[in-house]
Amino acid sequence: MAESKHRRRSADMELHARYFEDFEVGERVECGSRTIGEAEVAAFAGLTQDFHPAHMDVVFATKEFGGRLVHGALTFSVVVGLTVEYNPLAFAYGYDRIRFPNAMKCGDTITAVSEVVSTRIHEKSGRGLVVKRYTGTNQEGLTVLSCEHTLAVARRGTSA
């Protein structure tokens, strides 16, 4: 990135080709927000068959946690969706260090941020590996998700 390492993600979903060499450690992008309500939690429970009372039983969840909890996997999926980069030269290589330091509750709004934390050449594939830290915070500023996402990205001048 040329002038600033901090930017907001544009709203368009067009493909934007970025080679490995275009990524800089410290590059930070504010990726947007999404509110997760009871309907999303119920739909996710039906899709995954995870009907744990922490997600589905308002009496149990309120007594134990102060309200119904959003599934961790749903929280993770929303952050991944908010942070996706529409880059035809990159694909997901893996996720590491997925943590939920604070619970997300039904009705909370999650805001996602992506930051490039490392880059390295992947000698076997002719690609580079870009590691991004994704952070999701709720409306109170509490971190509800953190993880690292490794992307395999084409290098300039290779046929990867």
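The values are calculated or read from the model by the stated rules, or taken from the named source; none is laboratory data. Keep in mind the model is a prediction, meaning the values are calculated, not measured. Note that we place each Cβ from the backbone using ideal geometry, even for glycine, and neighbour counts take in every protein chain shown. Calculation scope for accessible area: heavy atoms of the full protein, side chains included, ligands and nucleic acids excluded. Shrake-Rupley method; radii C 1.70, N 1.55, O 1.52, S 1.80 Å.
Note on exposure: 142, 15, 47, 69 ranked by accessible area (1.4 Å probe, complete protein assembly) read 47, 15, 142, 69, with the most exposed listed first.
3J(HN,Hα) along region 130-142, derived from phi through the Karplus expression 6.51 cos²θ - 1.76 cosθ + 1.60 where θ = phi - 60°, amounts to 10, 9, 10, 9, 9, 10, x, 10, 8, 5, 9, x, 7 Hz, with x in place of Gly and Pro. Count Lys and Arg as plus one, Asp and Glu as minus one, and take only other residues whose Cβ is under 12 Å from that of residue 56; the net charge is then -2. Taking the square roots of 5 times each eigenvalue of the Cα gyration tensor of the chain, largest first, gives ellipsoid semi-axes of 34, 16, 13 Å. When 105, 63, 132, 124 are compared by accessible surface with a 1.4 Å probe, the order from highest to lowest is 124, 63, 105, 132. By a 1.4 Å probe calculation restricted to protein chains, residue 91 has an accessible surface near 100 Å², given to the nearest 10.
FRET efficiency for the pair residue 118 and residue 15, taken as 1/(1 + (r/R0)^6) with r the Cβ-Cβ distance and R0 = 30 Å, rounds to 0.75. Simple spin-label estimate for residue 39 and residue 58 gives 1.6 nm between the two label positions (7 Å along the Cα-to-Cβ direction from each Cα). The accessible area of residue 147, taken with all protein chains in place and a 1.4 Å probe, comes to roughly 0 Å². Largest to smallest in accessible area, the residues 146, 77 fall in the order 77, 146 (1.4 Å probe, all protein chains included). Counting only heavy atoms of the protein chains and using a 1.4 Å probe, residue 96 has close to 80 Å² of accessible surface.
Here the chain is scanned for GluC sites (Glu not before Pro) in DSSP loops (not H, G, I, E, B) that have at most 11 other Cβ atoms within 10 Å, and the longest stretch holding none of them is 15-122.
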